[in-house]
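Notes follow the structure.
The values are calculated or read from the model by the stated rules, or taken from the named source; none is laboratory data. On a predicted model such as this, the values are computed, not experimentally measured, just so you know. Don't worry about glycine lacking a Cβ; one is built from the backbone with ideal geometry, like all the others, and counts go over all protein chains shown. SASA here: full protein model, heavy atoms, side chains in, ligands and nucleic acids out. Shrake-Rupley method; radii C 1.70, N 1.55, O 1.52, S 1.80 Å.
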Amino acid sequence: DGGITQSPKYLFRKEGQNVTLSCEQNLNHDAMYWYRQDPGQGLRLIYYSQIVNDFQKGDIAEGYSVSREKKESFPLTVTSAQKNPTAFYLCASSNLRTGKNTEAFFGQGTRLTVV
Amino acid sequence: RKEVEQDPGPFNVPEGATVAFNCTYSNSASQSFFWYRQDCRKEPKLLMSVYSSGNEDGRFTAQLNRASQYISLLIRDSKLSDSATYLCVVNIGTGGFKTIFGAGTRLFVKA
């Protein structure tokens, strides 16, 4: 079945540690996105990528890094520079053509907690 | 100004009520529009796309007004299971798509 997979579902990080969240899709989508959601809040865009080897900062990129070496994969690294990383992280992908069928599909999310 | 703005609610309505959510967007390069539903501690899922002529899917009706940069969602005959957060979503065409989510409107339907 086609879909988008995030792992792990739950992640605990010690202060000062870098951690990497995985996101893989087999939908053949060009665009991939990372969002952060805090309790009771909406989704905020961290980074997005429209093509392999290219990505752009979203609204809250500081303290995060990404790579897009393969179309299927868009890992997010939460660095020690991110001062408040505890949140629900959502990865999404979508087609990049105009018209219909350009909606975003989401993975099940990763809950990151700093301990 | 946020690129996509929604009334956060919460909306508390009885079963059977009709409820409407509004959303405004600021970027005139916005090309496609959607409503998503998010249940507590889950990922958002597509509820419906929003087309220029307006569209309906059962009890749900979506409208788009490009001149006013405004999107709406109407839910008729609310069910308990409609309780969720409803997210307004806009694809902004800047040589590709940048997908922006509104902060969401919370709906509680009570018996």
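Tabulated data
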item	result
Residues that are in contact with a Gly (Cβ under 9 Å, 6 or more places away or on another chain) and facing chain A (nearest Cβ under 8 Å), drawn from region B:26-35	B:GLN31, B:SER32
Count of region B:84-111 residues which are in contact with a strand residue (DSSP E or B) (Cβ under 7 Å, 6 or more places away or on another chain), open to solvent by 20 Å² or more (accessible area, probe 1.4 Å) and aliphatic (A, V, I, L, M)	1
Unique match (being hydroxyl-bearing (Ser, Thr, Tyr), within 14 Å of another protein chain (Cβ to nearest Cβ) and without any contact (Cβ under 8 Å) to a residue 24 or more places away in the chain) among B:THR105, B:THR99	B:THR99
Residue under evaluation B:SER81, criteria (1) without any contact (Cβ under 8 Å) to a residue 40 or more places away in the chain; (2) within 12 Å of another protein chain (Cβ to nearest Cβ); (3) open to solvent by 20 Å² or more (accessible area, probe 1.4 Å), criterion not met	(2)
Every residue from region A:62-113 that is more than 14 Å from chain B (Cβ to nearest Cβ), touching an Asp or Glu at 6+ places or on another chain (Cβ under 6 Å) and either outside any loop (DSSP other than H, G, I, E, B) or in contact (Cβ under 8 Å) with a residue 60 or more places away in the chain (or both)	A:SER73
Of the criteria (1) farther than 24 Å from B:LEU47 by Cβ; (2) assigned to a strand (DSSP E or B); (3) modelled with pLDDT of 95 or more, which one A:PHE12 fails	(3)
Close pairs (7 angstrom Cβ cut-off, 6 or more residues apart or separate chains): charged (D, E, K, R) in region A:31-51, open to solvent by 10 Å² or more (accessible area, probe 1.4 Å) and part of a loop (DSSP other than H, G, I, E, B) anywhere	A:ARG36/A:ILE60; A:ARG44/A:ASP59; A:ARG44/A:ILE60
Tally of residues being open to solvent by less than 40 Å² (accessible area, probe 1.4 Å) and over 18 Å from A:GLU103 (Cβ atoms) across region B:6-15	2
Checklist (1) open to solvent by 20 Å² or more (accessible area, probe 1.4 Å); (2) within 14 Å of chain A (Cβ to nearest Cβ); (3) touching a Lys or Arg at 6+ places or on another chain (Cβ under 6 Å); (4) not polar (S, T, N, Q) applied to B:LEU46, failing item	(3)
Qualifying residue in region A:39-53 (condition: of a type in the set (A, V, I, L, M, F, W, C), under 14 Å from the mean Cα position of the chain (by Cα), at pLDDT below 95 and within 18 Å of A:SER94 (Cβ to Cβ))	yes
Some residue of region B:11-21 being under 27 Å from A:ASP30 (Cα atoms), part of a strand (DSSP E or B) and within 14 Å of chain A (Cβ to nearest Cβ)	no
Some residue of region A:19-30 being open to solvent by 80 Å² or more (accessible area, probe 1.4 Å), at positive phi and touching a Lys or Arg at 6+ places or on another chain (Cβ under 9 Å)	yes
